Every structure is written in structure tokens, then in C-alpha cells.
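This report refers to the structure that appears directly beneath it.
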Amino acid sequence: MNAREEILNRLRTALGPAPTAPRVPREYRVDDALDGPARIDLLVDRLVDYKAEVTRCRPDEVAASVATALAGVTRLVAPAETPESWLSAYPGKVVTDGPQPLSVAELDGAGAVLTGCAVAIAETGTIVLDGGPAQGRRALTLVPDHHVCVVTSDQVAGGVPAGLRRLTPTRPLTFISGPSATSDIELNRVEGVHGPRRLHVIVVEPG
Amino acid sequence: MRIALFLTCVNDLLYPDTGKAVVRLLERLGHEVDFPESQTCCGQMHANSGYRAEAVPLVRGFVDTFDRYDAVVAPSGSCVAMVRESYPRLVPAAAGVATRTYELSELLVDVLGVTDVGAVFPHRVTYHPTCHGLRMLRLGDKPLRLLRAVEGLDLVPLPGAEECCGFGGTFAMKNADVSTAMLADKCTAICDTGAEVIAAADNSCLAHIGGGLSRRGAPVRVMHYAEILGGES
Amino acid sequence: MTLPHGTGHLAGSRPFPAAAHVELGKPQLRANLHKATHTIRNKRARVVEELPDWEQLRLAGSAIKANVMARLPELLVEFEAAATAAGAVVHWARDAAEACEVVTRLVRETGTDEVVKVKSMATQEIELNQALERAGISATETDLAELIVQLADDEPSHILVPAIHYNRSQIRDIFTERMGDAPAGLTDEPRVLAEAARLHLRRKFLSSKVAISGANFAIAETGTLVVLESEGNGRMCLTLPETLISVVGVEKLLPSFSDLEVFLQLLPRSSTGERMNPYTSTWTGVTAGDGPQNVHIVLVDNGRSATLADEVGRQALHCIRCSACLNVCPVYERVGGHAYQSVYPGPIGAILSPQMTGIEANKTLPFASTLCGACYDVCPVRINIPEVLVHLRQAAVDSRRDKPSAERTAMKAMAWVMGDRRRYARALRAARRGTVPLERVLRRRTVRHLPWPMSAWTASRDAPLPAPESFRDWWRRTR
Ligand code: SF4
């Protein structure tokens, strides 16, 4: 018998002839109780609490906010479909990933990366990237030491269930909650290990 | 109300004063107390140590003794937890009496609806919530409410109160070193409060704590809280 | 059909009390553990309190896991089909040795002799690093705490924070002495230590061809794997190399993606005491142009089916390895993880290790608890650890039914006495009579030294003597 068959057999034996699967009570909160502005306030509060930098702006201020967030950055990585309207005020050099993918060395040599996101979750201060428009492949937001992420108000979900329900399970997802951190030394959280040590979130509120 | 006292074996042999205090207290509140003499031990030590077969006859004995009462009270969170949590699994016929068996503070606060039992105890007291009372019976602050209502009693909080004292029945013997390390921290916390008395709802834990305090020569008395509530006035 | 037990790092040679005795003699360890466990307890309590529906989440989490166990064979087949359709290659391993063989072969096929690893309990359990080393493959642990332990040539002592037994200055010393490229003048500032680890591993990350991971969850419906982490070393391993090999215990399944909405709330708050851990990655097979293009998944039994066979004990398989139970355990806090001699320490280890190995190899672990219940209270999936401990104590005692034992004789004698009120009353009086002379000599009601086996008590505690009159005698006399 091969390993697969044997393991499946073992598990069937262990369970006996009629295992009962209990019903799952789902009485936890699922709906977003908060309205849009309250969600944004909560998101900002939680992001700041976990040491992300946050800028709030109106739709017509995105380019200026991006440029300010990137002050001092001379080489910026951006995914292929980054809206020109985000970049118009940024004076440095933009290196675009694609059609030829950037090498790891090129990513490592950039001062920052600018992306959008798929969803943000207010209650946990999380942004989720799924490789969709203006997000690019996963390495882009990992290797550069500074990640600037534009979140629009319609992307903000209140809690984890509401956030997850907006996502496509089979896309490669990255949930980001604050800059890279560790709790490995005396169980205290310290920011800044292997992932980007600076996370700057630009929250675009309705105009 | 006619209430049966389940004293527990440890109290019968080592701490009869706790039983006397419970009787005095309930009679003072106008209730009739019965001590059915066929009672022995709840079987907790056996069941928790891997001797279920030896525990089952003791469970049956408990049911035979107490099933005819409306309410059974025991001055031990641990034994009541055994009766309420484990009995129905060991002996299905115990399910009924298991729900009518109360730890003293449950009987007083939940069933009889009293918190001020009219006791006087002009001393500085700290209270250790023993694990089974705390996490299995969820006694919460019931014992504290009773103690706070005692005239003259100065209740001081015990830091790290919810941490186990390290008794754990046979654990105290089988893992004596770890038990002792836990006890040391508990004794230090108790001494640091400056209390004259450490009270709890379980004399077995108190035997362990008291043994540690007396070994280090600490001037702290251990007392079951029933003895404070039902003290001779 | 008998269900074989697990092998690998699941048991040691010493009984728990003996191992604990050694650990208790290390004051620095005690101080480090006390500080760390109390820090994390408080953090956890704060973020759990924030959620008004924490208990509902626990109930859902517990039921989802029970559901998974009942449907495990069919869910595994579903997972395999979905992952394969998405471009992953699924392998199966009956035990630790087979899992190591599979992984070693997969690494060899890539032609490399260097791999980076993201912290995984499953690979520690199967002792993968040792197996790779024997095959001439060097594995670098990239999680900060794992790196510390690996550099120190030590063993992990905690599920989540394997180096919990070291404080910052000890970590500084380990880095200074053992990390070839440690910056000169390293301080013990955690930020500085984290920076040193970043520099040390960065080149490895950017050049590695093969990574090995575990998974926190495997989604049956979609074939998706999920890893939660903090530092970004996970993302490095899961994203940059060409080949990714994930070793996953069969119990890690969840039926569907939507179940994550429960576990992504339960796990981070219970483990690091954060609302959400910094990074969570999910991947489903291969994504063209993004991440590893060769994705392997090794599904491991290694004693899990044997554990599943026990109706009371199988709930141990619900564990999501948050380590909350370790952090609140008064026993763990005093002795640390090494005393348990298994990759799974603390309360969960005390119920999981003996089931995976069979009770014979771990017969003292179920007794390594006061049954205080703190673990059950915090467990995000409501594993009734005290219940399973008592159940396994029974198994330990039963396994020795045919051998003589002083304890059994005493237990039986006591049960016999207590089985009858007259015998019991006589015994109380006898106990009283036996100690009267002692009390006269001592002039008090406590005693400092008792012979074996009670010497285990009086080594550190005075023992009470029977009262002058038992309660039942008093009752008789006065009523
Ligand atoms: S048993 Fe529960 S509390 Fe302990 S590690 Fe597992 S999930 Fe966490």
C-alpha cells in the first residue's frame, strides 16, 4: 500500500464507521457595524498603534501625499499598472516591474515601493494585497525597505470576516499589519526585521 | 431550608472546625443542617489520578447518601467541582444531585440570597481563589462579596491571586519540586500583602499553603473562609 | 489494523519530574520565563478583551476543528485534488523518517545543498534539519528565535518563541560569539539585535533557491496554504526561491477559505497578543510570474491517526499552536520547555506528545499538571486540556495494571476504607490515635518530617496532623 492509501486508511480506521461532524455555530460578528468614516478612523487608529505611518487625504491630494511620503527616495519601484495620478508629483526615478520582471537586486536597490491594495481591515489595522491592479507580484512589497500603500475608502472593511469575504481565495494573498516586527526577544514587539521596516499608508477619504 | 452538609474527607479528619463553622453559620441564618453519616469521600483523588474504577463506588456512595436532599453544601470548591463536572460522566445517575450540590458561597449568594451573614472579624485578610472554584465552578467574586460584608474585616488584594498555588492533589507529591516552586511564589505574594490571615475555599490547598508559610516561619494564619463567616461570636 | 505511533522529537529519556528538577535549578531561566510569560499573558488578555464576540469565535473555532477531524479523509482528498489542480505536487508521509526522506529527495532534485527555512513545528517534530545535514544539505533557520537557538546549538523551548528561555543580553552574547558577521560592539537593545539578524540573513534570502516551510492552515476547498508570521522571513522564504516545500500535518486542514475568518482572529490574539500578526501569506499551488514555480506539499501522519482514534484525546489535534496555554501554565512558567523533552511543551505537549508516541514513551507527562485549568480557559479552540490529562492518567495507570505498584495498593486500600462509613470512621479514629503521641512530643498540630512517601510533602511543607476529634465524632457527641 502506498503512503497515501495507508494514511487515508488509518484515518478511516481511527474515526470508526460513523463519525459525527458537529454543526458549526457562527454567531460571531460578520457585518460591518461601523459606517464608512468610523471605519476609516478605526483603521487609522490601529495602523498608528502598530507603528505604521499614516496620511489621510482627499482624492485630489493623492499625488502630493505620495510625493511627501517618498521624500528623499530617489528610486521607486512601482507595479506595471500604477495610476499615473498617484505618481505625477513624485520627482524621483520610477522603475516599473514589467513587462520584464525586475531582478531581486534591482528591488533591493530601490528606496521604496508604491502600491495599492485589495482590501483593508479596520479592526486589525491590516492591508491585504492580492496581486491585482497596482499591487504587482509579492516580491515587490517585500524586498524594498519602505512600502507606501494607497488605500481608498471603498476598500476598507470593518472586521476580519467582512474583509475576507471581499477576497478571492486562490489569489496569492499577503496580509500586512504594520511594518515587519518580532516578538522573539522577551516577548516584546520590536519593529523592523526582514520585511519593510517602514510602512506608510495613504488613506484616501471621499472628497 | 433543609441542607445536607457534605464535609469532605479532608475536613472530617483534619479540619473539623470548618465543618462546625458551616453548621453554625447556616443555623444562624435559620436553616436546618443535616450531616448524613454515610458520607465519606468524593473520589476526586482517585478519578484524577487514573483510578476511575476505584472512584466509581465512591460516586455511587455519594449519590445514595445525598440524592434525597434538596441542597447539598460542601466547604470545598474542588470537591464540588468533582461532583458537578465529573460525576455525571462517571455515573449517569449522579446527574441530578450534581446540579444540587453547591460550594458554600454559591449556596449563600445564589440559593439563599445573602451576602451579609452577620459575622465579625476584625483582621486584615487576603483571599486566594483556588483553581477549581475559580475556573470550574466560576465562583467569581462570591466569596469576596461575603468577606467584604464581614464587620471589621480588612480585605487586601492578593497579587497574582488567580495563579495556582501548586497543590494539585497528588501533583504535590509526584512533582514535589515544581509544586514547591509554585508554592514559594504564592507564599511570597501572601506575605507581601501584610495580611494576618490567608483565606480560601479549599482546606487542601490551604494545607499546602499553610505548610509552606509555617515552614518559612511566616506569621500568617490560614483559614477556610467559612470559619470567618461562621466564627463563634 | 493497528495505528502506528509517531517518531521524531516527541519524547525524551527522563521522567518529567527529574527533567523539571534540573530546569528548576536555573534561576536565570526562571527569571526569563517569568518575565516573558507574564508580558505575553497581559498582552493577550488586553486584545482578547477588545472583541465582544471572543467566546462565539472560540465556539466556532472548536466546532470547525471537530468537523475537520470527523471528515479528515475526505477533506485531505479534496485538498490534494485542489492543490494539484493549482500546480502543486502533493506527497504523503506515514512517519517522521518518510517525511524526511521525501523532503531530502526533493531538495536533492533541485541540485542545491542549501535551503532556507521558515519556522515550522512539523519540521522540528520530524527532525528534518538533522536529516538534511546527514544528506549534506545545510538548512538555515530564518525566524529570529529559531536562529538564536540554532546558533546556540540549543533546542527550542516554546512553540512560538523557541528562544523564550534567553534574555536580551544572553542573545547578544550568542550573536557575538557565534554569528560570523555580527557587527562589532553589538548592544543588547532588541532593535539592534533584530537589525543584526536582518543583515546576517539578507544575502541568504535574496539568493536561496529552495525554501522549506510548514503551514498554519491548509484549505481543503481551494488547496491553499496559509502561513502567519511577524518578521518577513516567512514572506522571503515563501516568495523569493524557485522551489518551496511545505511540510504539513494532516490535522492542519480547514474545510473552506471562509473558515479563516475565525482563525485569523483567534490565532494572532492568542499567540503574540496582537490584533493581527504583521504578515500572513496564502498561496494556492503555483502563480505564474509570482513566487516559487515548483511547489511541493508533504502531508504527514506521524502518530496523528493514532491520536485521532481516541475519542476523548483527539481534541488535541484541534490545536492551532498558538502557545497561549504555555504562557499561562504555572508549571511551564517554572520549568520551561526543555523539561517536556518534546517539540510540543507545556499543557498541549502534555496531552499531545503521549498520544502521538503512545503512553509508554511519555507516561509521566499527563501528571505534569495541577489541573488548574488556566490552559483550557485561554485555549482559542477550547481544547479541554485538564479533561484529556485525566483521561491519559487513566491510560498511564491502566498500561501498568499487571505490574506491582505501591501507589495502586494505597489507592485501592483508601477506596476500600472510604467505601464504607464504619470502616471509614474507624480509620479516622485510628489516624487520630496514631498521631496523638507525635502531637504530645511536638506540642503543635503540624509536623516537619514524615517518612517516605509523605517525605515528598514534608521536604518543603509542614504537614497538618489530625484534629483532636473528627467532625463526625463531634456531630455524634453533640447532636
Ligand atoms: S492547545 Fe490551545 S492554547 Fe495550547 S497551543 Fe494549542 S490552540 Fe493554543
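Over chain C, what percent of the accessible surface lies on carbon and sulfur atoms, probe 1.4 Å?
Working: 8880 of 16860 Å².
Exposed carbon and sulfur together represent 53 percent of the surface.
When every alpha-carbon pair in chain C is counted, what percent end up more than 29 Å apart?
Values: 62275 of 114481 pairs.
Result: 54 percent of Cα pairs exceed 29 Å.
Over chain C, calculate the relative contact order: mean separation of alpha carbon pairs under 8 Å at least 6 apart, over the residue count, as a percent.
Numbers: 816 pairs, mean separation 103.3, N = 479.
So the answer I get is 22 percent.
With each pseudo-label sitting 7 Å past Cα toward Cβ, what's the C:THR409-A:ASP49 distance in nm, one decimal?
Output for this residue pair reads 6.1 nm.
Rounded to the nearest 0.05, what FRET efficiency do C:LYS26 and C:LEU450 have when you use their Cβ-Cβ distance and R0 = 25 Å? Write out the running numbers ahead of the final one.
Working: r = 29 Å, r/R0 = 1.16.
For C:LYS26 and C:LEU450, the calculated efficiency is 0.30.
How many square angstrom of accessible surface are buried between C and A, both sides summed, with a 1.4 Å probe and rounding to 100?
Working: alone 23300 and 11910 Å², together 27630 Å².
Roughly 7600 Å² of accessible surface disappears when C and A pair.
Would you give the gap between the C-alpha center of the range A:1-48 and the C-alpha center of the range A:130-207, rounded to a whole Å?
Using only Cα atoms to place each centre, the spacing works out to 22 Å.
Given a 1.4 Å probe, how much area per residue of the range C:35-175 is accessible, in Å²?
On the way: 5010 Å² over 141 residues.
Each residue of the range C:35-175 exposes 36 Å² on average to a 1.4 Å probe.
Computed over the Cα atoms, what is the radius of gyration of the range C:153-284 divided by 2.2 N^0.38 Å, N being its residue count? Before the final figure, lay out the partial values.
Details: Rg = 16.8 Å, N = 132, 2.2 N^0.38 = 14.1 Å.
Taking N as the residue count of the range C:153-284, the ratio is 1.20.
Mind jotting down the three principal axis lengths of the range B:145-224 based on Cα atoms? Whole angstrom, largest first.
41, 22, 19
Can you list, by residue number, the Cys in chain C that have no neighbouring cysteine C-beta under 4.7 Å?
C:CYS100, C:CYS237, C:CYS319, C:CYS322, C:CYS329, C:CYS379
Provide the gained length on full extension for the span A:ALA38 to A:VAL94, in nm with one decimal, where the gain is 0.36 nm per separating residue minus the Cα-Cα distance. It would help to have the intermediate numbers written out before the result.
Details: separation 56, 0.36 × 56 = 20.16 nm, distance 3.46 nm.
So the extension gain works out to 16.7 nm.
Taking θ = phi - 60°, what integer Hz values does the Karplus form 6.51 cos²θ - 1.76 cosθ + 1.60 yield along the range B:89-96, in sequence order, with x for Gly and Pro?
With the stated coefficients, the range B:89-96 comes to 6, 7, 9, x, 5, 7, 4, x Hz.
At a threshold of 8 angstrom on Cα-Cα distance, excluding pairs fewer than six apart, so keeping six or more, what relative contact order does the range B:124-229 reach in percent? Don't skip to the end; give the middle numbers.
Working: 148 pairs, mean separation 35.0, N = 106.
Over the range B:124-229, the number comes to 33 percent.
Just the number, please: carbon plus sulfur as a percent of the accessible area of the range A:31-204, 1.4 Å probe, no ligands or DNA/RNA counted. Please report the intermediate quantities before stating the final value.
Values: 3100 of 6000 Å².
That share works out to 52 percent.
Rank these residues by their accessible area, most exposed first, probe 1.4 Å: C:MET414, A:MET1, C:MET356. Mind dumping the intermediate values first?
On the way: C:MET414 70, A:MET1 135, C:MET356 0 Å².
Ranked list, largest accessible area first: A:MET1, C:MET414, C:MET356.
Under a 5 Å amide H to amide H cut-off, with H placed in plane at 1.01 Å, what residues pair with B:GLY160 once short-range neighbours are removed?
Hits under the 5 Å cutoff: none.
Return the residues of the range C:447-470 for which accessible area with all protein chains present is lower than in the chain on its own by 50 Å² or more; set the probe to 1.4 Å and exclude ligands, DNA and RNA.
C:TRP457, C:SER460, C:ARG461, C:ASP462, C:PRO464
Do any residues of the range A:118-156 lose at least 30 Å² of accessible area when the full set of protein chains is present rather than just their chain alone, and if so which, with a 1.4 Å probe?
A:GLU123, A:THR124, A:ARG137, A:ARG138, A:LEU142, A:VAL143
Leaving out ligands and nucleic acids, note down the accessible area per residue over chain A with a 1.4 angstrom probe, in whole Å². Numbers along the way, then the final one.
Details: 8050 Å² over 207 residues.
In whole numbers, chain A has 39 Å² accessible per residue.
Taking just the alpha carbons, could you work out the radius of gyration and Dmax for the range A:31-204, both in angstroms?
Rg then Dmax for the range A:31-204, in Å: 15.4, 45.
Would you calculate the separation in nanometres between label points at A:MET1 and C:VAL77, each defined as 7 Å from the Cα along the Cα-to-beta-carbon direction?
1.4
Tell me, what is the FRET efficiency for B:GLU37 and B:MET173 to the nearest 0.05, using R0 = 22 angstrom and their Cβ-Cβ distance as r?
On the way: r = 30 Å, r/R0 = 1.36.
According to the calculation, E is roughly 0.15.
Give me the summed buried accessible area for the B-C pair, 1.4 Å probe, to the nearest 100 Å². Numbers along the way, then the final one.
Numbers: alone 10680 and 23300 Å², together 28410 Å².
The summed interface area works out to 5600 Å².
If we count every other residue with Cβ under 13 angstrom of B:ARG221's Cβ, Lys/Arg +1 and Asp/Glu -1, where does the sum land?
Working: positive: B:ARG124, C:ARG445; negative: B:ASP17, B:GLU196, B:GLU227.
Overall, the nearby charge balance is -1.
Given a 1.4 angstrom probe, what's the average accessible area per residue across chain B, in square angstrom?
That works out to 34 Å² for each residue.
Distance between Cα centroids, the range C:260-287 to the range A:54-75: provide it in whole Å.
Centre-to-centre (Cα) distance: 29 Å.
For the pair C:GLU114/C:ASP398, report the inter-label distance in nm, with labels modelled 7 Å from Cα in the Cβ direction.
In this crude spin-label approximation the distance works out to 5.3 nm.
Given a cut-off of under 8 Å on Cα pairs at least six residues apart, what relative contact order in percent is computed for chain B? Don't skip to the end; give the middle numbers.
Numbers: 401 pairs, mean separation 49.5, N = 233.
Averaging sequence separation for qualifying contacts and normalising by length gives 21 percent for chain B.
Looking at the protein assembly as shown only, what percent of DSSP beta bridges run antiparallel? Nearest 5 please. Could the numbers behind the result be given before it?
Numbers: 24 of 93 bridges.
Around 25 percent antiparallel, to the nearest 5.
Considering every pair of different Cα atoms, what Kirkwood radius, in Å, is found for the range B:3-111?
On the way: mean 1/r = 0.0724 Å⁻¹.
Hydrodynamic radius (Kirkwood, Cα only) of the range B:3-111 equals 13.8 Å.
In whole Å and largest first, what semi-axes does the C-alpha gyration tensor of the protein assembly as shown yield when each eigenvalue is scaled by 5 and square-rooted? Write out the running numbers ahead of the final one.
Values: eigenvalues 607, 176, 132 Å².
So the equivalent ellipsoid measures 55, 30, 26 Å along its semi-axes.
Give me a single rounded figure for C:253-262: the average over its residues of other chain Cβ atoms within 10 Å of their Cβ. Please report the intermediate quantities before stating the final value.
On the way: counts 0, 0, 2, 1, 7, 6, 3, 7, 10, 6.
Across the residues of C:253-262, the mean count of other-chain Cβ atoms within 10 Å is 4.
What are the principal axis extents of the Cα atoms in the range C:411-478, in Å, biggest first?
The Cα atoms of the range C:411-478 stretch 34, 31, 16 Å along the principal axes, largest first.
Residues of B:188-200, mean number of Cβ from any other protein chain within 10 Å of their own Cβ, rounded to a whole number?
Values: counts 0, 0, 0, 0, 0, 0, 0, 0, 0, 0, 0, 0, 0.
Other-chain Cβ atoms within 10 Å of each residue's Cβ, averaged: 0.
What whole-number distance in Å separates the alpha-carbon centres of the range B:68-117 and the range C:410-425?
The range B:68-117 and the range C:410-425 have Cα centres spaced 23 Å from each other.
For chain A, what does the helix formula give at 222 nm: sum of -39500 (n - 2.57) over DSSP H segments with n ≥ 4, over the residue count, nearest 500 deg cm²/dmol? Please list the in-between numbers first.
On the way: 6 runs with 50 residues, N = 207.
Dividing the helical sum by the residues of chain A leaves -6500 deg cm²/dmol.
Among the listed pairs B:LYS20/B:LYS174; C:LYS43/C:LYS119; B:LYS142/B:LYS186, give every one whose C-alpha distance is greater than 24 Å. Please report the intermediate quantities before stating the final value.
Numbers: B:LYS20/B:LYS174 32 Å; C:LYS43/C:LYS119 22 Å; B:LYS142/B:LYS186 22 Å.
Violating the 24 Å limit, Cα to Cα: B:LYS20/B:LYS174.
Enumerate the residues in the range B:173-204 having an amide nitrogen under 11 Å from the point lying 7 Å beyond the Cα of B:ALA218 toward its Cβ.
Once the point is set 7 Å along Cα→Cβ of B:ALA218, B:183-199 turn out to lie under 11 Å by backbone N, inside the range B:173-204.
The values are calculated or read from the model by the stated rules, or taken from the named source; none is laboratory data. Just so it is clear, the model here is predicted, and its values are computed rather than measured. Cβ coordinates were reconstructed from backbone atoms using ideal geometry, including for glycine residues, and neighbour counts include every protein chain displayed. Remember, those area values only see protein heavy atoms, side chains included, never the ligands or the DNA or RNA. Shrake-Rupley method; radii C 1.70, N 1.55, O 1.52, S 1.80 Å.
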